[in-house]
1. Being open to solvent by 10 Å² or more (accessible area, probe 1.4 Å) and modelled with pLDDT of 95 or more is the filter; apply it to the stretch 170-186 and report the residue that is nearest to ALA144 (Cα to Cα).
2. Within the stretch 135-151, work out how many residues are within 15 Å of CYS211 (Cβ to Cβ) and open to solvent by 30 Å² or more (accessible area, probe 1.4 Å).
3. Tally up the residues in the stretch 58-78 that are in contact with a Gly (Cβ under 8 Å, 6 or more places away or on another chain), assigned to a helix (DSSP H, G or I) and over 27 Å from ASP137 (Cβ atoms), please.
4. Return the residues of the stretch 97-112 that are under 23 Å from ARG160 (Cβ atoms), at pLDDT 95 or above and part of a helix (DSSP H, G or I); say none if nothing qualifies.
5. Within the stretch 79-96, how many residues turn out to be assigned to a loop (DSSP other than H, G, I, E, B), free of Cβ contacts under 8 Å to residues at least 24 places away in the same chain and surrounded by 16 or more Cβ atoms within 10 Å (Cβ to Cβ)?
6. For the stretch 304-333, which positions are touching a helix residue (DSSP H, G or I) at 6+ places or on another chain (Cβ under 6 Å) and surrounded by fewer than 17 Cβ atoms within 10 Å (Cβ to Cβ)?
7. Could you identify the single residue in LEU64, LEU45 that is surrounded by 12 or more Cβ atoms within 10 Å (Cβ to Cβ) and either under 16 Å from LYS10 (Cα atoms) or of a type in the set (Phe, Trp, Tyr) (or both)?
8. Could you tell me which residue of the stretch 152-161 is farthest from ILE122 (Cα to Cα), considering only residues that are open to solvent by less than 40 Å² (accessible area, probe 1.4 Å) and in a loop (DSSP other than H, G, I, E, B)?
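The values are calculated or read from the model by the stated rules, or taken from the named source; none is laboratory data. Keep in mind that this is a model prediction, so the values were computed, not measured. Note that we place each Cβ from the backbone using ideal geometry, even for glycine, and neighbour counts take in every protein chain shown. The area values use the complete protein model at the heavy-atom level, side chains included, leaving out ligands, DNA and RNA. Shrake-Rupley method; radii C 1.70, N 1.55, O 1.52, S 1.80 Å.
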Amino acid sequence: DVASTVRDIKAAIELSTGVPAREQQLVLGSAPLLLDDDQRLAAVLEERGGAVDLTMVRRDPERLGWLEALQAEWWHLDTAPAWVRADSELVLAAMRSGRSGCHCASEELRADRAFALQAVQINGLSLGFVSPELQADFGVVVEAVREDGRALEYASPELRDDIDVVLAAVASPSGPSSLPFASAALRADRAVALAAANGCTPFPEQGVLECVSEDLRSDREVVLACVRQDGSALRHASQDLRAARDVVLEAVRTDGYSLQWAAEDVRGDREVVLIAVARGGTALQFASDELRADREIVMAAVHQDGTALEFATMSLKTDIEVVMAAVREDLAALRYVPRKVLRKHGGLR
């Protein structure tokens, strides 16, 4: 039945032969069938193009013991004998257990392309432990960066300058974190920058704008794509774009504190500042003096974070409605209330 899993097949063999499923190894031709027990026979048949001859080999008890130990805890590989560290199935079992262990593999195994392909699919950063020849192998490197874009660090210089490899890296879950390892030419490539910016998750670990060329930091479309994901990227935009109202608006919608990176004129824009303090009340400190004296803006700020009262003008620190709004949001705002206000209102009890 093509709907059967590898586990089902082993169970059937156990019923037929009495050989426990845990002691079975299924072999296609001369190569071990290194599949997860949950994989379906249909997938194997599709990969092999139709019918296959399947042979069961009974595992050696010592090898089986190592397999079960490594499936439970990968670090047993650190102290394993040489023959274990040279066994592809055992090393891969350890890696599936803890996403680590490739560094313990024998030198011969780390130079084996079939092993490397499986290792980098488990953990792309395993690329750092395979042979230099495999670090220059397009197929191996692409699989590695798809799993973790940061594996680009270990690719050969030629592949770090390959746009297909770099696009695969920036499309990975680690996305922009791979950009520092791309060639200078590709860090100046607009398509790469846009792919990284549009594909990354909000607030990525590594910002796109800090990795790309100066020219791209002046590219409106690239900068807008970046600040929509992480407003603080505004700090790396060109001076002209930090003065562009539409760019700053997008930035503060994502992160109110990005107001600090805006040009002085934009920090005096009422709409921009209102949006910023609604996202982060203490962003009030980056507003113009005039807007820190604006009652509506200060009220919006203290409603979001009472301690924003610290950055209001003295006239608003003595406004009892503003003060009460701040204290209701956070009692810590009391430290910013003038003593004369506290005395007058009995400590605002």
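1. PHE181
2. 1
3. Looking only at that region, the number is 1.
4. The answer is ARG110, and nothing else.
5. 1
6. Within the stretch 304-333, THR313, THR318, ASP330, ALA332 meet the criteria.
7. After ruling out the rest, the residue left standing is LEU64.
8. Looking at the filtered set, the residue picked out is SER156.
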